[in-house]
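Data first, discussion second: the structure below is written as C-alpha cells.
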Amino acid sequence: MPSKAKQLIDRFSDLEEAAEHVRTVLRRYNKASASVATLVDQGVHLVPALESLQGPVRRGEVTKALEEFEAARHRVRLAMFALAKEQGSSFSDVARALGISRQLASRLAAEAAGADLSARSSEC
C-alpha cells in the first residue's frame, strides 16, 4: 500500500478516536447539565448548582475535545490532498468531492504540500 494511502488510513483512525472522545465528553456534559437542571428545579440557585458540578471544568473539557477533533479532521483533509496529488487528482476534483470551496481546497493542498516537504526534510 502506498505510504500516502497508509497515512490517510492512520489519520482516519485518529479521527475516529477523537470522535469517540468527543462523544464521551458530551455524555458527561449532558449528565452534568441534567444535574444542574434538577438542582435548579429543586430550588438551588444557579451559581451554587454550577459550582457543585465544576461548570468551568466541564466547559473546558468540551472545548478541548472539540478542538482535538477539529485538529484530527484537519489532518485527515491534509492527508486526503496529499494522496489525491500522488494519485494525479486535481485539488478542484477533491474540493468538489468534499463539498468545499476551491479556495479552501487550494489552501489545504498548499498546506499538505508544505507538510510533505517538512516531513521529507526531517527524514534527511
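The values are calculated or read from the model by the stated rules, or taken from the named source; none is laboratory data. Note that the structure is predicted; figures quoted are calculated from it, not measured. Note: ideal-geometry Cβ built from the backbone for every residue, glycine included; neighbour counts use all protein chains shown.
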- Query: Quick one: what pairs do we get from segment 70-92, first residue in a helix (DSSP H, G or I), second modelled with pLDDT of 95 or more and of a type in the set (Lys, Arg), C-beta under 7 Å, 6+ apart or different chains?
  - Reply: 75/11; 76/11; 79/11
- Task: Those residues that are of a type in the set (Ser, Thr, Tyr) and part of a helix (DSSP H, G or I), I need them from segment 93-112; list them, please.
- Result: 106
- Item | residue 40 vs. criteria over 28 Å from residue 101 (Cβ atoms), of a type outside the set (D, E, K, R) and in a helix (DSSP H, G or I) | yes
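Okay, residues lined up against (1) touching a helix residue (DSSP H, G or I) at 6+ places or on another chain (Cβ under 7 Å); (2) basic (Lys, Arg); (3) without any contact (Cβ under 8 Å) to a residue 12 or more places away in the chain:
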residue: 31; (1), (2), (3): no, yes, yes
residue: 44; (1), (2), (3): no, no, yes
residue: 47; (1), (2), (3): no, no, yes
residue: 50; (1), (2), (3): yes, no, no
residue: 58; (1), (2), (3): yes, yes, no
residue: 61; (1), (2), (3): yes, no, no
- Scanning segment 43-69 for residues that are in a helix (DSSP H, G or I) and more than 18 Å from the chain's Cα centre (by Cα) gives 46, 47, 48, 49, 50, 51, 52, 55, 56, 57, 58
